[in-house]
Each structure stands twice: as structure tokens, then as C-alpha cells.
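Only the coordinates and a few stated rules stand behind these numbers; no lab work does. Keep in mind that what you see is a predicted model, and the values were worked out from it rather than measured. For neighbour counting, all protein chains shown are included, and Cβ atoms are generated from backbone atoms with ideal geometry for every residue, glycine included.
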Amino acid sequence: MKLPREPEPVETPGSAVSYSFQYGWTPPPERPTFWFSPTEIKHVLIGIGLVSAVGLSLRRSLQILGVNNIALVVFAVALFTLGFILHELAHKFTAQSYGLWAEFRLSTVGVLITTISILSPIKFIAPGMVLIAGTTTRDVFGRVAFAGPLTNLILAFLAMLGSLALPAEGVRHVLEIGSWVNTYMALFNLIPFGDFDGLKVFRWNKGAWALIVGLSLALLAFASGFVL
């Protein structure tokens with residue numbers, strides 16, 4: 001028997017609360033349903049635009065790191081933006097695989113801060129987040145949180161492998177930077193405090209938290225040798 005996914009909440013979870021769960025046991029659907037609503041698509045596209053703009057504002061920093069070609073700058077910005085959107089989509093699809101309602105929404109405060117970051121030397125990228133609602137267990141709660149940093153770590157690892165395999169110096173250097181940035185994203189989100197993914201993962205499985213933090217630190221140290 002195929003179980004339906006959790007319906008959309010009557011009131012969408014507040015923009016300051018990314019996870020709105022009731023603890024209980026609900027069996028996952030036999031065939032997970034993945035979806036995007038028209039509203040979500042609009043929010044995702046605006047979020048991608050804002051994050052890309054912040055990435056472009058880092059062009060001077062990229063030049064200092066030796067990335068001067070406009071095509072390479074665009075490639076670097078694409079990796080930067082990809083790290084953000086894949087992190088959020090990992091939360092979304094993991095939650096949906098358990099039959100939960102999950103959609104990306106912009107945050108008014110997040111959009112404002114991200115917009116200011118385009119012109120400011122201090123960068124803070126958080127235009128929105130995946131809002132999740134439904135009845136689930138603490139283990140599922142932790143796995144949903146774990147999916148985001150894990151995605152950044154995988155992307156960082158693939159970028160580093162690509163940099164070691166490709167002969168083109170410019171592309172190789174951009175991949176090294178992309179690896180460093182995505183590893184940093186993973187570590188930042190793994191801070192075990194407040195509403196960060198790290199606290200949810202730590203409460204779910206301390207061993208998994210320690211393992212991914214250790215791997216992230218090791219890759220960050222390795223990538224720093226190429227970038228810094």
C-alpha cells in the first residue's frame with residue numbers, strides 16, 4: 001500500500017524555523033514523492049540569483065587568488081552557488097523521501113542580509129532555507145540535517161579530485177577553490193549550536209557528527225595548501 005506524503009501545512013512554518021516536526025512514528029512511503037511547487041521554484045530562482053550576485057562580488061578576492069579570466073570567474077561563482085543550492089536540496093529531498101512536506105522558502109531577513117553582502121566586505125549567505133513539516137522520529141530529524149553538510153563535503157571531494165586530474169591550470173585552481181569553499185560550508189553548518197545542522201546531527205548520532213567533522217577538517221587542511 002502506497003502511503004501519501006505529509007500534506008502542506010495550513011500555516012507554512014515560520015521563516016526563522018527551518019524544521020517544524022512533531023515527534024512520533026510514521027512509516028515512510030513505499031515510493032517517495034518528490035515535488036516542487038510554483039511558489040518554491042520562484043523562491044529557489046531568486047535565491048540562486050542572490051547567491052550568484054554575492055559570488056560575483058568576490059571577483060576581487062578571486063583575482064588575488066589568481067583567477068583573472070572572466071570564464072573562470074563565472075565557473076568559480078557557479079561552484080559557489082552550487083554548494084548553496086545543493087545543500088538545501090539535499091535537506092529537501094531527504095525529508096521528502098520520508099514522506100514529509102519540504103519546500104525552499106526565502107527569508108525576509110535572510111534576503112536583506114544577503115543583499116547587503118553583495119556590497120559589503122563581510123559576506124553572509126542565507127537568503128532562505130528548506131522548511132520541513134510533518135510527524136517523524138529524532139533519527140529522521142538528524143538524517144535530514146546530516147544530508148546538507150554531507151552534500152557539500154561530497155562536492156568538495158569531487159572538486160578536489162577534478163583538480164588533481166585536470167591538466168588545465170586555471171580550471172584546476174578554480175576547482176581547488178571550490179573544494180575549499182564547499183568544505184568550509186560543510187564545517188560552518190556542522191557547528192553544534194542553535195539552529196545549525198550540526199546540533200541536530202550531534203543529538204542524532206555523535207559518531208556520525210565526529211566523522212564528518214573530522215573528514216571536513218582533513219579536506220579543508222589539504223585544500224588550504226593549494227588555495228591559501
Discussion item. Per residue of region 210-216, what does 6.51 cos²θ - 1.76 cosθ + 1.60 with θ = phi - 60° give for ³J(HN,Hα)? Whole Hz please, x for Gly and Pro, Karplus curve as stated.
Written reply: 5, 5, 6, 5, x, 5, 5
Worksheet item: Amide H of GLY128: which non-local residues (sequence gap of 5 or more, or other chain) have their own amide H closer than 5 Å, using H built in the peptide plane?
Response: SER107
Worksheet item: Check TRP101: other-chain or 5+ apart residues with amide H under 5 Å from its amide H, H built from backbone geometry?
Response: GLU6, ALA133
Item to complete: Choose one of ALA53, PRO127, GLY66: the residue whose Cα lies farthest towards the positive end of the charge dipole of region 32-227 (beta-carbon charges +1 Lys, Arg; -1 Asp, Glu; about the Cα centre).
Response: PRO127
Worksheet item: Residues of region 155-186 with amide nitrogen under 12 Å from the 7 Å Cα-to-Cβ point of ASN69?
Response: 167-175
Worksheet item: TRP35 to ILE154: extension gain in nm, 0.36 nm per residue of separation minus the Cα-Cα distance?
Response: 40.5 nm
Discussion item. What are the equivalent ellipsoid semi-axes of region 32-227, built from the alpha-carbon gyration tensor (square roots of five times its eigenvalues), in whole angstrom, biggest first?
Written reply: 28, 21, 15
Item to complete: Would you work out the charge dipole size for region 32-227 about its Cα centre, treating the Cβ of every Lys and Arg as +1 and the Cβ of every Asp and Glu as -1, and quote it to the nearest 20 debye?
Response: 180
Worksheet, complete the sentence: Rounded to one decimal in nm, the spacing of the 7 Å Cα→Cβ label points at THR115 and LEU161 is 4.1
Worksheet item: Within the chain, how many lysine pairs that are 8 or more places apart, or on different chains, have C-alpha atoms less than 28 Å apart?
Response: 7
Worksheet, complete the sentence: Residue-normalised 222 nm signal for the chain, counting each DSSP H run of n ≥ 4 as -39,500 (n - 2.57), nearest 500 deg cm²/dmol, is -21500 deg cm²/dmol
Worksheet entry | Per-residue HN-Hα couplings for region 168-176 [Karplus 6.51, -1.76, 1.60; θ = phi - 60°; Hz; x = Gly/Pro] | 5, 5, x, 5, 4, 5, 5, 5, 5
Discussion item. Can you give the FRET efficiency to the nearest 0.05 for ARG172 and ILE48, using r as the Cβ-Cβ distance and R₀ = 25 Å?
Written reply: 0.45
Practice prompt. Give me the percent of DSSP beta bridges within the chain that run antiparallel, rounded to the nearest 5.
Written response: 55
Worksheet entry | Relative contact order, percent, the chain [alpha-carbon distance under 8 Å, six or more residues apart] | 23
Worksheet entry | In Hz, Karplus ³J(HN,Hα) per residue of region 52-61 (6.51, -1.76, 1.60; θ = phi - 60°; x = Gly, Pro) | 5, 5, 5, x, 5, 5, 8, 4, 4, 5
Discussion item. If I build a Gaussian network model for the chain, linking alpha-carbon pairs within less than 10 angstrom, which residue out of ILE64, ILE113, ILE85 has the largest mean-square fluctuation?
Written reply: ILE64
Worksheet item: At q = 0.22 Å⁻¹, what base-10 log of I(q)/I(0) does the Debye formula yield for region 169-228 when every alpha carbon is treated as an equal point scatterer in vacuo?
Response: -0.80
